[in-house]
Amino acid sequence: SGGLGLILLQLLSKHQGSNVHVTAVCSGANAEKVRSSGANEVVDYKIASFASQLVDAEKFDVVFDFVGGVESERGARQVIKSGGKFITACGPRMGIGDRTLTCCEWHGWACGLLCRLLKSSCCCCCTHFQYEMGGGMPPLKAVDFQTVALNKGIRAGIGLEVPFAEEPLREALRLVASRHPGGKVVINMER
């Protein structure tokens, strides 16, 4: 239900010629927001792990991860089809980018990520799904972005708009640091 997740939901639901069934994982408080952005089903991670709630569901072709950490990976392993894809924006460490990692922490994260990528690229005996780090596609050109996003009405949700003043900016930064801003935080330079 964050900014990237909501954009991905809209892209998937508006993709022409595909019969995509999307199950989104978020808190129950954001269920309606993700449904209105294109999710067919919603799983509330606060009730129980997403994997335990989806154990009897049909396996998924692709699992997108915007949270990171080994718990997300373990859960994906339980719900993904053999030969499916696990695409992560964060890798094996939850909350990457929250703070500067020590040299040892960074090497641990990088080695863990590299190991997962290598393991998934060799024969099928090591893992039953492909592990991918998001960002591998080339950036969209302006004309591509116009066709893919703008013309289809895909928009990032705005969680908060603040004027360019010290106290509102401090509040905006606190909200962003909470990792639950409810959408993008916009600084209005004209207010």
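Numerical summary
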item	result
Region 35-90 - percent relative contact order, Cα under 8 Å, separation 6 or more	36 percent
Hits among lysines - C-alpha to C-alpha of residue 33 under 28 Å, sequence gap 8 or more where chains match	14, 46, 59, 81, 85, 152, 184
Computed log₁₀ I(q)/I(0) - Debye formula, equal Cα scatterers, no solvent, region 1-51, q 0.18, 0.19, 0.32 Å⁻¹	-0.51, -0.57, -1.24
Value in Å of the Kirkwood radius, where region 51-92 supplies the Cα pairs that are averaged	10.3 Å
Folded to 0 to 90 degrees: helix 166-177 orientation relative to the chain principal axis, Cα	10 degrees
Peptide ranges 85-91, 160-166, 9-15, 108-114 listed from the most packed, as the mean C-beta count within 10 angstrom indicates	85-91, 9-15, 108-114, 160-166
Acute angle (nearest 10 degrees) that the helix 70-79 long axis makes with the longest principal axis of the chain, alpha-carbon atoms	60 degrees
The chain, relative contact order in percent, only Cα pairs under 8 angstrom and at least six apart counted	19 percent
Average accessible surface area per residue within the chain, 1.4 Å rolling probe, Å²	64 Å²
Of all accessible heavy-atom area on the chain, the percent that carbon and sulfur account for (1.4 Å)	59 percent
Between 0 and 90°, nearest 10: helix 103-121 axis offset from the chain longest Cα axis	50 degrees
Cα-based Rg and Dmax for the chain, where Dmax is the largest Cα-Cα distance (Å)	18.2, 59
Normalised contact order of region 1-68, rounded percent, pairs of Cα under 8 Å and 6 or more residues apart	30 percent
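The values are calculated or read from the model by the stated rules, or taken from the named source; none is laboratory data. Here the structure is a predicted model, which is why all the values come from computation and not from measurement. Virtual Cβ from ideal backbone geometry, glycine too; neighbours counted across all protein chains shown. The accessibility values were calculated without ligands, DNA or RNA, using every heavy atom of the protein model including side chains. Shrake-Rupley method; radii C 1.70, N 1.55, O 1.52, S 1.80 Å.
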